[in-house]
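Single-structure report; data block below.
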Amino acid sequence: MIVYGFYEIDGRVQRAATALKQKGYKVDVISLKWKNNENFNVYDGIKVHKILSRKFKETRQSQYLLKHLSFFILATLMTSYLYIKEKYNLIYVNNIPDFLVFTTILPKLFGSKIILDIHDLVPEFAMQKFSLCENHIVVRTLKIIERISVLYANHVITVTDLWKQRLISRGISESKCSVVSNAPNLKLFNKKCLNGNNNNNNFTIVYHGNLSEQNGLNTLIKSISIIKDSIPSLLLIIIGELRKSHNLTELIKKSGVSGYINILSSIPHNEIPKLLLEADIGIDPKKDGVYSGETLSVKVMEYMAMGIPAIVSRTKASNSYFNDSIVEFFESENHVDLANKILKLYNDSERRKELVVAANKYIKEYNWDNNKPKFYSLLDDLWQG
């Protein structure tokens, strides 16, 4: 597996790698170096080769591209080296970027099958991240790269039906593209299997994951400034890596809510459930729009699995997969509406219980164990094809 990301905190990559190992594959992962800057480690029998550091300091398109190109070159060399040693039958590449799939050129020449997992639609991602219009040369170039990458791969996986239809509209064959939802592992996100309870005296709100601007942390922080005097012992815990281009700490100070918010650095994915035991409400405040509005946050389903009522911004994706019986919606980017919904759940324990009960039924259907048979069937079809 190849991923321009940190294996330790990427639940989707971990789930796929573990499933491949359970299927009988020997699994190697090529990834970025995480905090300890180590070059190699083994996690539950999965070998992880870490080839490049990243500290989220890219503020310009050129810096962003240079980091991706550096990883591409190193990953190509490492993939070729490991292939000569291991003779892989299957290589699983996770975007971003799409062109990472071409790191597999040597194995593909000798018959390895290549899966491209499109976590994110790169043209739409660039449009939102860099405020580009659809006709911008960068976006048009990214669509061409996406098209060539898809043609090169033997099969493409994406995360929602919305994005599958978008890829089909851009020319990919429907038979070549499958949806494997980004669903939680209930063996990990299982409150009954964890020691401890929410015994603190705070009313704790939690957000974990990407802290980039499109995920709406500005909206969440502004909502705290409204409700801080209405909820005794209010505490917001944010877990993730701060970006240079998005200074949340400055906004927190400006909003006068420093005493109500703790920002914790990212922790390994398997440690998230224990921390969620402290939460009374989970929040997904992401912006609607061309990219983020079409992404489906697995964090919401992780809250559901842990019995935590969720407040979710109403976006195209969240509206397609959830409803008012399982989450509390608020208007995207409306911090006043979010504040009102937090107060609503704080004051209405029965509504919180209703959300938890309904979400528990939902998550029994939408979880990784129910996704795995489809994932394995996809692998079998790839071999037979």
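Tabulated data
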{"item": "Positions within region 247-293 being touching a residue at least 12 places away in the same chain (Cβ under 8 Å) and within 18 Å of Gly5 (Cβ to Cβ), in sequence order", "result": "Ser265, Ser266, Ile267, Pro268, His269, Asn270, Ile272, Tyr291, Ser292"}
{"item": "So Lys129, is it in contact (Cβ under 8 Å) with a residue 60 or more places away in the chain, more than 24 Å from Ser212 (Cα to Cα), touching a helix residue (DSSP H, G or I) at 6+ places or on another chain (Cβ under 8 Å) and surrounded by fewer than 20 Cβ atoms within 10 Å (Cβ to Cβ)", "result": "no"}
{"item": "Test set (1) closer than 22 Å to Lys192 by Cβ; (2) of a type in the set (A, V, I, L, M, F, W, C); (3) without any contact (Cβ under 8 Å) to a residue 60 or more places away in the chain - Met306 fails condition number", "result": "(3)"}
{"item": "Complete set of residues in region 69-97 that are touching a strand residue (DSSP E or B) at 6+ places or on another chain (Cβ under 6 Å), closer than 19 Å to Lys26 by Cα and not in a helix (DSSP H, G or I)", "result": "Leu90, Ile91, Tyr92, Val93, Asn94"}
{"item": "Helices (runs of 4 or more DSSP H) within region 98-187 that include 1 or more residues touching a Pro at 6+ places or on another chain (Cβ under 8 Å) and under 24 Å from Ala317 (Cα atoms)", "result": "122-129, 137-152"}
{"item": "From Ile261, Ile267, Ile226, Ile237, residue being modelled with pLDDT of 90 or more, buried (at least 19 other Cβ atoms within 10 Å of the Cβ) and of a type in the set (Val, Ile, Thr)", "result": "Ile261"}
{"item": "Of all residues making up region 132-147, the number that are of a type in the set (A, V, I, L, M, F, W, C) and touching a residue at least 12 places away in the same chain (Cβ under 8 Å)", "result": "4"}
{"item": "Region 337-385, subset in contact with a Leu (Cβ under 7 Å, 6 or more places away or on another chain) and of a type in the set (D, E, K, R), residue surrounded by the most Cβ atoms within 10 Å (Cβ to Cβ)", "result": "Arg352"}
{"item": "Residues that are under 17 Å from Ile205 (Cβ atoms) and not acidic (Asp, Glu), drawn from region 345-363", "result": "Leu345, Tyr346, Asn347, Ser349, Arg351, Arg352, Leu355, Val356, Ala359"}
{"item": "Residue in region 327-337 that is at pLDDT below 95 and polar (S, T, N, Q) present", "result": "no"}
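The values are calculated or read from the model by the stated rules, or taken from the named source; none is laboratory data. Here the structure is a predicted model, which means the values were calculated and not measured. With ideal geometry, Cβ positions are generated from the backbone for all residues, glycine too; neighbour counts draw on all protein chains shown.
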